[in-house]
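Below: the structure, in C-alpha cells.
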Amino acid sequence: MSDIQLWTLVFIGGSFAVYLYIAWRSRVRETAGFYVAGQGIPTVANGAAVAADWMSAASFISMAGLIAFLGSDGSIYLMGWTGGYVLLALLIAPYLRKWGKFTVPEFVGDRYSETVRTVAAVAAIIISFTYVVGQMRGGGIVFSRFLGLDVTGGVIVAAVIIGLYAVLGGMKGITWTQVAQYSVLITAYLIPAVAVAQQMTGVPIPQLSFGQILDELNAISVELGMAQFTEAFAARPQIDVFLVTMSLMIGTAGLPHVIVRFYTTKSVRGARYSAFWALLFIALLYTTAPAVGAFTKLNLLQGVNGVSADALPSWVNNWAATGLVTVSDGVSTINSVSNSPTSGADLIVNNDILVLASPEIAGLPAPIVGLVAAGGLAAAMSTAAGLLLVISSSFSHDLYFRRVKRDSTDKQRLLAGRIAMGLAVLISIYAGINPPAFVAQVVAFAFGLAAASFFPVIVLGIFWKRCNATGAAAGMITGLVFTASYMIYTLPVFGTAANPHIFDISPEGIGTIGAIVNFIVTIVVSKLTAPPPAEISEMVENIRYPSERRAVTAVAD
Amino acid sequence: MTEVTPEQEARGGEPPPPGSAPPDNGWRKEYWNRNLRLMVILLAIWFIVSFGFGVLLVEPLNEIVIAGFPLGFWFAQQGSIYVFVILILVYAKMMDRLDSQFGVAEPETEEAAK
C-alpha cells in the first residue's frame, strides 16, 4: 500500500514541478499574451494543447468506466466528443481565426450587436463554470484515494494549484503547460492499457485486440446481471442515442474554451492543421478508452465472480475507503455487480474509479498506479485552467471593458480578469465538494446549452450574410430558454419534480432540438427584419478568404 | 506586403451589394462554391459513418463480425473516430490546394512576421 502512495507522490510531485516551472517561465504581463499567447504557438503544440484542454477529468477518469457499464451505447461519448471536431474544423475554426480577436462573445458582438455579445459572454461564463466544477471534483477523487485526504481536502489542494498557475501564466503559460500535461496524460493512459492488452490477449495494441475478449465479456456480463457489452441500445433508446451524440458534437463545436484555442495559431492554415493534430491526439485516447473499459470490466468481473465477500481482491478494500466501491450488507458471495447504488447488486462499483483502479485490478506494479494518478490530475488541471481563462477573458474583456469601464487600461483589465478567475476557483471549490450527481447533471446541461446557443449563430454568422442581429438574439434566447426549460422539466436539480422524458428524449439530448429551434428562429426572424448593414456583409465576405488575393490579379487599392 | 489586417482588406475591397459577389470578382464566388462543395462531401461522409453506421444501421451491421468485433459496434466505438481524423486531414490538404490555386494562400513571410 505505502508503495503505491510513494510512487503516486513521486509522479504527482514531479509533474507538478514541471507545470509550475513552465508557468513561471512564461508568465506574462500584456493582455495579448495573457489571452491568446500572442498568436505564436506552433501548430502541433497547439494541437496537443487543444487535446489537453479538451480531455478533462471526464474523458480520462470517467469515460472508460462509463463505457464499461454502458456497453455499446457508450459510443455517445466516443463519437459525440470527437465528431464535433469535424464540425469545428470545417465550419468554424478557420473563419474565426481569419477574423482574429480574443473571445467568442467578441465575434458574436462584432458580427451582430453588443446585446448579443453580452448574452454570449454570460452564457460562456456559465458553461465554462459548470465544467470547472467537474474538474475540481475529478482532482478531489484522485487526491482522496492516493494521498489519503478526504474529498474536501483533495478538492482544495487541486483548486489551489490550478488557480495559482492559471492566474500567473495566462494563455501562454497554459498552452505550454498543457503540452506537458498532454504528454503526461496520454502516457499515463496508454501504458497500463498496453500492459493489460498484452497480459490478456498477447497483442499489445488495445484498439485491435479487445475484439478477442468481447464474447467472453458478453457472457460474464449477463451472468452477473448486466446487459451484453456489444448489444446496441441496451442503455438508451435509439432516438436518444442519436440525439445525445448530435448534441455532444455540436456542443463541442460551440464550446467557448475550445473555439478560443484556434485564435492562438499563426494563420488560417494553422487553424485547420491544429484541428487535425488536436483530433489525432484526442483519438489516441478515445480509441483506447473502449478497450480499457472492456478489459477492466472483464478483469473486474472475473476477479469477483462467485468470490466470497471476505476473500475479495485487495483493490476492493483500497477503494472502499473512498466510498466509491461498496459490498452490500449481508452478502457472502458476489453474484451480481452494478454501477448503480440503487440496483441492490452484491458489489457496487462507481464508474469514476475504473480507470484509476485499472492497474490495481489488473495487478500491475505500483509505479504504473502512480503514473495513472498523475495523468488523471493532468487531465483535470489542464481543462480547468483553459476554462478559467475563458471565464476571466469573458468577464474582463466582454463584460467589464464593454459594460462597466470603457476607458480601462490593459493593467486594470488584466486585474479584473484575474479577480474573476480567483472568484471562480473559490466558488468551484465549494461546488466541487457538494454532491457529485449535481455536477454530472450540470455538465450535461453545459453541453446542451452550448449546442443550443453558440453553434447555430456562429455557423449562420459565417455562412449566411443575410443573418442579422435581431435574428441571432431571438434564436439564441429561444434556443437557450427551450433547452433549459426541458432540462428543468426532466431533472430534479432545481428542487422541482423530475418529469418523464417526452418521446424518449433525455435532457442530455435536448440540445439537438434546441439547436434546430435556434436555427429556425434565427432564419425566420432575420428574413422578416432588415438585412445587416453593408460593412457586416463585407466583414463576412472577408473572413471567407485566408488572405488577400495575390499572384493572379491585384484587388488592392 | 507584411501583414493583412481586416481593415486593409476592407479598404482594398469593393463595394459589394449584400449577398452577391461583384462582377470583377467571379473568382470569389468560384472559390467559395468549391469550398462549400468540399465541405458538403466531407460532412456527408461524417454523417454516414457516425450516425449512419454507428447509430441507425448498428443492429444489422452487428450481424457481421470481424476479428471479434461486431461491425456496427466497431464503427460506433472505433471506426467513426478514425474517419473523423482522416476527414479533417483531407480538408486541410484540399484547402491548401484551393488556396494556392486561387492565390489566397497566406505567405510564409506573414507566418514568420507574426
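Taken together, the values in this text are just the output of simple stated rules run on the coordinates, not laboratory data. Predicted model only: the values in this text are computed from it and were never measured. As a convention, Cβ positions derive from the backbone with ideal geometry for all residues, glycine included, and neighbour counts pool all protein chains shown.
Listed values for the range B:49-65 are Karplus-derived 3J(HN,Hα) couplings in whole Hz (6.51 cos²θ - 1.76 cosθ + 1.60, θ = phi - 60°), namely 6, 8, 6, x, 6, x, 10, 6, 9, 4, 5, x, 5, 5, 5, 8, 10, and x replaces Gly and Pro. Of the trypsin sites (Lys or Arg not before Pro) found in the range A:311-420, the ones in coil according to DSSP and having at most 10 other Cβ atoms within 10 Å of their Cβ are A:ARG406.
Against the main long axis of the alpha-carbon atoms of chain A, helix A:534-543 sits at an angle near 50°. Extending 7 Å from Cα along the Cβ direction at B:LYS93 and again at A:HIS501 yields two label points whose distance is 4.0 nm. Over 30 Å apart at the Cα level, from the set A:LYS266/A:LYS411; A:LYS465/B:LYS93; A:LYS411/A:LYS465; A:LYS527/B:LYS29, are A:LYS411/A:LYS465.
For the range A:229-245, the Karplus equation 6.51 cos²θ - 1.76 cosθ + 1.60, evaluated at θ = phi - 60°, returns couplings of 4, 8, 6, 6, 6, 7, 9, 9, x, 3, 4, 6, 4, 4, 5, 5, 4 Hz by residue, with Gly and Pro reported as x. Restricting the calculation to alpha carbons of the protein assembly as shown gives Rg and Dmax of 24.8, 86 angstrom.
Peptide A:72-82 has a mean of 5 when you count, residue by residue, the C-beta atoms of other protein chains within 10 Å of its C-beta.
For the peptides A:452-462, A:149-159, residues were scored by their other Cβ atoms within 10 Å and the scores averaged per peptide; the highest-first order is A:452-462, A:149-159. Other protein chain C-beta atoms within 10 Å of residue C-beta, averaged over A:532-544: 4. Just to verify a number: FRET efficiency for A:VAL122 and A:ALA320, C-beta to C-beta distance, R0 = 45 Å, to 0.05? Between A:VAL122 and A:ALA320 the formula returns 0.60. Using the Cβ-Cβ distance between A:VAL44 and A:ALA311 with R0 set to 35 Å, the FRET efficiency from 1/(1 + (r/R0)^6) comes to roughly 0.10.
Within 10 Å of each Cβ in peptide B:57-70, how many partner chain Cβ atoms are there on average? Round it to a whole number, please.
Partner Cβ neighbours, averaged per residue: 4.
Peptides A:4-12, A:476-484, A:66-74 ordered by packing proxy, namely the average of other Cβ atoms within 10 Å per residue, highest first: A:66-74, A:476-484, A:4-12.
Within the range A:183-244, none of the GluC sites (Glu not before Pro) combine a DSSP coil assignment with at most 14 other C-beta atoms in a 10 angstrom radius. For the range A:2-437, the relative contact order is 35 percent, taking Cα pairs closer than 8 Å that sit 6 or more residues apart in sequence and dividing their mean separation by the residue count. Model label sites at A:THR115 and A:VAL481, defined 7 Å from Cα along the beta-carbon direction, differ in position by 1.3 nm. DSSP loop trypsin sites (Lys or Arg not before Pro) in the range A:240-343 with at most 14 other Cβ atoms within 10 Å of their Cβ, which ones? Passing sites in the range A:240-343 do not exist.
Please report the antiparallel percentage of the DSSP beta bridges confined to the protein assembly as shown, to the nearest 5. Of those bridges, close to 75 percent are antiparallel.
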